[in-house]
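Step one of this worksheet: look at the structure below.
The values are calculated or read from the model by the stated rules, or taken from the named source; none is laboratory data. Being a predicted model, the structure only gives us computed values, none of them experimental. Heads up, the Cβs are rebuilt from the backbone with ideal geometry, glycines too, and the neighbour counts pull from every protein chain shown.
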Amino acid sequence: MSSNFPDIAFIGAGRLASGLGTAFARRGLPVVAVSSRSPTSAQKLAGRIPGVKVLDSQSAADAAELVFITVPDDAIADVASSIRWKPGISVVHCSGATQVSALAAAQSQGAAIGGFHPMHAFTDPDAAAASLPGCTITIEAPQPLRETLEHIAAVLGCRPLQLPPGMRARYHASGNYAAAFVNVMLREASQMWQSFGASEQDAVQALLPLLKGIVASIETQGLADGMPGPVSRGDTGTVRAHVTDLAQFDSDALALYRELALRAIPLALERGSIDEARADELRKVLLNKKP
């Protein structure tokens, strides 16, 4: 399989590189070199990939035909500027939010540049490598580099998706709604539980099965039909009770609840479980500043 792909190097050996590099190795992709400012991190990543060499960044770039820059976002441009790139090489970063133009220094030396961002969490590299198949990888690159990156995504069992130029920050922000903001929502819920004597652990243990069930419903029914809760049912009495209690508990929590519930109304309308009259009733309950 490896003969069908260019030799690959990673510059940066953090969690993303560890998860992605492990997945590459398991699929037979030819990773030949690893570089990192931390020798320990580089050696640890190299231990996951048979036959890979630990080199300095310049030597790693010289050894490869395709370089993945997997350093923190703010360091991408500096790393790209610090290396002498051979003409014809391909240089790709794996940041979701950073524009591909951060690699302009490589492009000016004749390199093809692009972005390759897995819409996936890499907090645990082994778990990430195992669960990577099925995720979407957004790709921004000119041909023929785009075709190569799409082929790599397909070999990983992932869904390649082309990202238009200039959309990276918006695309990456969207991921926070489905990922990081879920943690925030669970923390908000756990603080409500703590107000009546339960612990954060109690809340998480109770709410995680609920969350998993909703994810399963979304997979089978979609966002609108898979949405639970009183807004989806048009249950104004329950929504009024929520608003009344949260006004006493925490005004900031109430403000967040109102905003989320208001944005749930269009989904309930799309689902067909409420009509415009009931939607207006819900809005009046939610926007009443003195419930």
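Numerical summary
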item: Ala23 being under 17 Å from Pro125 (Cβ atoms) and either touching a Leu at 6+ places or on another chain (Cβ under 9 Å) or in a loop (DSSP other than H, G, I, E, B) (or both); result: yes
item: Members of the stretch 47-72 that are in a loop (DSSP other than H, G, I, E, B) and either of a type in the set (A, V, I, L, M) or within 19 Å of Gly110 (Cβ to Cβ) (or both); result: Ile49, Val52, Leu55, Ala64, Glu65, Val71
item: Residue under evaluation Gln109, criteria (1) over 21 Å from Arg159 (Cα atoms); (2) at pLDDT below 95, criterion not met; result: (2)
item: Exclusive hit being assigned by TED's automatic domain parsing to the domain that holds Ala130 and either surrounded by fewer than 20 Cβ atoms within 10 Å (Cβ to Cβ) or more than 23 Å from the chain's Cα centre (by Cα) (or both), set Val92, Val67, Val32, Val71; result: Val32
item: Checklist (1) at pLDDT below 95; (2) closer than 21 Å to Leu29 by Cβ; (3) assigned to a helix (DSSP H, G or I) applied to His120, failing item; result: (3)
item: The stretch 40-53: number of residues that are in contact with a strand residue (DSSP E or B) (Cβ under 6 Å, 6 or more places away or on another chain) and either buried (at least 19 other Cβ atoms within 10 Å of the Cβ) or outside the structural domain of His117 (by TED's automatic domain parsing) (or both); result: 5
item: Pair list, Cβ under 6 Å, 6 or more apart: the stretch 148-167 residue closer than 21 Å to Ser101 by Cα, other residue assigned to a loop (DSSP other than H, G, I, E, B); result: Leu149/Ala141
item: Matching residues in the stretch 46-89 - criterion: being modelled with pLDDT under 95 and in contact with a helix residue (DSSP H, G or I) (Cβ under 7 Å, 6 or more places away or on another chain); result: Arg48, Ile49, Pro50
item: Among (1) surrounded by 17 or more Cβ atoms within 10 Å (Cβ to Cβ); (2) part of a helix (DSSP H, G or I); (3) modelled with pLDDT of 95 or more - the single one Ile139 does not satisfy; result: (2)
item: Gly157 of a type in the set (Gly, Ala, Ser), at pLDDT below 95 and over 18 Å from Ala9 (Cα atoms); result: no
